[in-house]
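Read-outs throughout are calculated quantities, based only on the coordinates presented, and are distinct from any laboratory measurement. The model shown is predicted, which means the values in this text are computed figures rather than measured ones. Reconstructed Cβ throughout: ideal geometry from the backbone, glycine too, with neighbour counts over all protein chains shown.
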Amino acid sequence: MYKLIIVFLLTSYQLLAQTPVFVSGTEGHKSYRIPAIIKTPNGDLLAFAEGRVKGSGDFGDINIVLKRSTDNGKTWSELTTVVNYDSLQAGNPAPVFDATDPNFPKGRLFLFYNTGNNHENEVRKGKGLREVWYKTSIDGGKTWSEGVNITSQVHRPNQANTVYHFKEDWRSYANTPGHAMQFQSGKYKGRIFVAANHSAGEPQKQFTDYAAHGFFTDDHGKTFRLSQTIELAGSNEATATEISENGLMMNMRNQKGDIRQRIVAISKNGGETWDKTYFDSNLPDPVCEGSILSLGIKKGKHILAFCNAADTQNRDNLTLRISFDEGKTWAWTQVIEKSNDAKVNDFAAYSDIVKMNKNHIGILYEKNNYAQIVFKAVKWR
């Protein structure tokens with residue numbers, strides 16, 4: 001009996017043990033932010049982040065960096081740099097694996113990212129430019145193509161002395177953060193969708209110049225189209241997943257901060273337009289990032305996982321939830337990380353989630369006021 005208890009406790013510890021992946025002040029970067037994670041077909045876990053060279057600020061000399069685990073997150077490789085935009089900013093990594101391109105029978109990995117030449121608040125004032133790019137890899141992230149600039153297809157800036165002169169006058173721009181997604185079934189099988197957000201025109205009070213949107217490709221990156229913009233002022237950093245009946249769910253933070261709940265939008269045509277948008281009172285949020293993922297289909301419905309800092313004041317109480325009815329209710333809940341000190345404001349912040357196998361979810365998340373990005377595997381069934 002005692003042996004069984006010991007085995008159970010050891011197993012539980014292993015599932016909940018944290019493994020540091022990116023540690024601020026090491027490997028050439030003062031800070032690491034904005035985690036993203038995916039699993040390759042051979043089982044490797046790829047963890048991406050922004051490597052901030054000189055400090056923790058959102059703008060400056062920022063690289064996109066990568067680490068690999070070949071043992072389900074127990075150990076991680078040395079850091080490699082995927083995107084280095086010289087002394088400027090490269091960020092918001094959004095990886096996704098394209099498994100349906102007939103030209104790449106073994107699949108191809110996409111990494112969408114943004115570049116910027118000024119601070120976000122200055123870009124909102126029209127004094128700077130954010131661009132949108134992607135790179136691809138056909139060897140599981142070991143080597144990468146040159147970057148492909150898709151700004152003119154998925155962004156709408158109006159900038160003097162550039163090639164961008166769109167009447168919409170989008171300014172700030174950011175991918176998700178976290179992983180992008182590909183439809184696995186139905187009418188839109190193979191579509192790659194990247195959740196995103198932008199600001200439009202002059203800065204407004206309560207960040208109402210912000211709105212979420214998405215962009216997608218049906219031809220494996222040859223061309224891209226924009227989704228309809230979410231008609232809720234202040235909708236911001238977004239994450240998306242496939243749902244039943246050719247649908248897509250996008251889950252967003254409310255930049256206004258007046259309602260401390262996640263915003264949800266539902267599309268019935270693969271993310272092209274939005275049929276309804278609402279606040280989910282079951283998903284509290286302190287104006288932070290969240291991540292959503294389909295774990296598969298049961299009885300015609302996608303089982304959804306969602307992770308965020310489930311607190312209305314602080315970036316804390318990182319919580320993983322499972323829904324068996326596509327987000328109507330969240331039947332399974334587990335707290336992943338929570339501070340014992342009420343004075344700590346940013347103990348558990350941005351996160352991304354990955355399906356490891358039928359029973360386990362991997363969580364890559366920022367911990368302890370951005371001192372580390374750590375990985376934890378959780379058994380949910």
Shape call for region 176-243 from the C-alpha gyration tensor, a ≥ b ≥ c root eigenvalues: rounded (a/c under 1.5), prolate (a/b greater than b/c) or oblate?
-> prolate
Comparing Ser31, Ser235, Ser87, which has the greatest mean-square fluctuation in the GNM of the chain with Cα pairs linked when under 10 Å apart?
-> Ser87
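Compute, for region 265-308, the length of the dipole vector about the Cα centre, with Cβ point charges of +1 (Lys, Arg) and -1 (Asp, Glu) only. Units Debye, rounded to 20.
Dipole about the Cα centre, nearest 20: 360 debye.
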Relative contact order of the chain: what whole-number percent is it, with Cα pairs under 8 angstrom and at least 6 residues apart?
-> 13
Rounded if a/c under 1.5, otherwise prolate or oblate - the chain, Cα gyration tensor axes | rounded
Orientation-averaged projected area, Cα convex hull of region 236-381 (nm²) | 8.5
Alpha-carbon centroids, region 150-221 and region 75-135: separation in whole Å = 13
Alpha-carbon radius of gyration plus Dmax, which is the widest Cα pair, for region 67-154 in Å = 15.5, 46
Could you grab the relative contact order for region 213-297? Cα pairs under 8 Å, six or more apart, rounded to a whole percent.
-> 26
Cα gyration tensor shape of region 245-309, rounded if a/c is under 1.5, else prolate or oblate by comparing a/b with b/c = oblate
By how many degrees, 0 to 90 and rounded to 10, does the Cα axis of helix 2-16 deviate from the longest principal axis of the chain?
-> 10
Of Lys276/Lys298; Lys256/Lys355; Lys54/Lys379, those spanning more than 28 Å from alpha-carbon to alpha-carbon = Lys256/Lys355; Lys54/Lys379
All other residues with a Cβ under 10 Å from the Cβ of Met249 taken together, and with Lys, Arg as +1 and Asp, Glu as -1, what is their net charge?
-> -2
Name the residue, out of Ser227, Ser24, Ser77, whose mean-square fluctuation peaks in a Gaussian network model built on the chain with Cα pairs under 10 Å.
-> Ser77
For the chain, what is the calculated [θ] at 222 nm in deg cm²/dmol (nearest 500), taking -39500 (n - 2.57) for each run of four or more DSSP H residues and dividing by its residue count?
-> -1500 deg cm²/dmol
